[in-house]
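Have a look at the structure below before the remarks.
The values are calculated or read from the model by the stated rules, or taken from the named source; none is laboratory data. Since we're looking at a predicted model, the values are computed, not measured. So basically every Cβ, Gly included, is an ideal-geometry build from the backbone, and we count neighbours across all protein chains shown.
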Ligand SMILES: [Zn+2]
Ligand SMILES: [Zn+2]
């Protein structure tokens, strides 16, 4: 399993690639514009091309994922907000495609109590429109758009595998995939504290969505309890899921080709090199458990 981290994009896109390398990442995730502002960053075409070339030739980082702007809410009630969200998402996708990213991870938004049924049409229309707009602007096929499972707060869309499945089915678009956040999964009420529970969780995802749609994991422990419905990331092994639970999930054979991206707090400044190391230990631990090895005695991958 490839392991990596969300890295800061300060100092330009290429700096984030170097930052990921310094952390020991196989994959990186970055924001291509400030995640809490609508205003897009004006990347020069040369900067986008330079990242794409450097990424393609990189010795250790094998893939880049981008995270969409947090302000986007495709399930909003106000048409102007949906329009602005769709345009921003399209631009996020255009930039991600230009830098050669494997996908853009999206929090679909919140219907604020209206119910998924009421917003399914508007959300799927917006998703397809953003992808089409991005392809036209980029002049090439767009990278994948990955709907992230939600922790389940308020009216967040994507709080269950069934909700994600209903959106994917309604959209009927192969450019859409899924990103599974381990903290959101736990907070939404899905346990995976034993191998059996982890197997059941992955089987449920496969039944509802199909594992071929799963493009990446967001790998985080949880500050909140199972089913608490809050999005609160914790460092691996220091939260409510703990090392055992994370290892049980990460060792699942069907997940070994899916990259895992850390979004943990670290010391308050995001993932550290030692967090990436812990992630690798947990993968090794999880594989050993399933191979009948000694749980809790992970082998170093490298
Ligand atoms: Zn996210
Ligand atoms: Zn989160």
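Numbers for the structure displayed
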item	result
Residue 46 vs. criteria free of Cβ contacts under 8 Å to residues at least 60 places away in the same chain, more than 14 Å from residue 96 (Cβ to Cβ), part of a helix (DSSP H, G or I) and out of contact with any strand residue (DSSP E or B) (no Cβ under 9 Å at 6 or more places or on another chain)	yes
Test for residue 200: is it surrounded by fewer than 24 Cβ atoms within 10 Å (Cβ to Cβ), away from ligand 2 (no atom under 13 Å from the Cβ) and in contact (Cβ under 8 Å) with a residue 40 or more places away in the chain	no
Residue in segment 168-189 that is under 14 Å from residue 231 (Cα atoms), in contact (Cβ under 8 Å) with a residue 40 or more places away in the chain, within 16 Å of ligand 2 (Cβ to nearest atom) and surrounded by fewer than 20 Cβ atoms within 10 Å (Cβ to Cβ) present	yes
Verdict on residue 242 being within 16 Å of ligand 1 (Cβ to nearest atom), at pLDDT 95 or above and at positive phi	no
Some residue of segment 140-147 being in contact with a strand residue (DSSP E or B) (Cβ under 6 Å, 6 or more places away or on another chain), outside any helix (DSSP H, G or I) and within 16 Å of ligand 2 (Cβ to nearest atom)	yes
Segment 88-108 residues that are within 16 Å of residue 259 (Cβ to Cβ) and in contact (Cβ under 8 Å) with a residue 24 or more places away in the chain, paired with ones that are in a helix (DSSP H, G or I) and more than 16 Å from ligand 1 (Cβ to nearest atom) (beta carbon under 7 Å, 6 or more apart)	100/52; 100/55; 100/56
Yes/no for residue 164 being within 16 Å of ligand 1 (Cβ to nearest atom), within 19 Å of the chain's Cα centre (by Cα), buried (at least 20 other Cβ atoms within 10 Å of the Cβ) and within 15 Å of residue 104 (Cα to Cα)	no
Single residue of segment 219-275 satisfying the filter (in a helix (DSSP H, G or I) and out of contact with any helix residue (DSSP H, G or I) (no Cβ under 9 Å at 6 or more places or on another chain)) that is farthest from ligand 2 (Cβ to nearest atom)	274
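Conditions (1) at pLDDT 95 or above; (2) under 20 Å from residue 13 (Cβ atoms), marked per residue:
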| position | (1), (2) |
| --- | --- |
| 102 | yes, yes |
| 110 | yes, no |
| 115 | no, no |
| 119 | yes, no |
| 124 | yes, no |
| 145 | yes, yes |
| 150 | yes, no |
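For (1) under 15 Å from the mean Cα position of the chain (by Cα); (2) surrounded by 20 or more Cβ atoms within 10 Å (Cβ to Cβ), each residue gets a yes or a no:
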residue: 8; (1), (2): no, no
residue: 14; (1), (2): no, no
residue: 32; (1), (2): yes, yes
residue: 47; (1), (2): no, no
residue: 69; (1), (2): yes, yes
residue: 78; (1), (2): no, no
residue: 82; (1), (2): no, yes
residue: 109; (1), (2): yes, yes
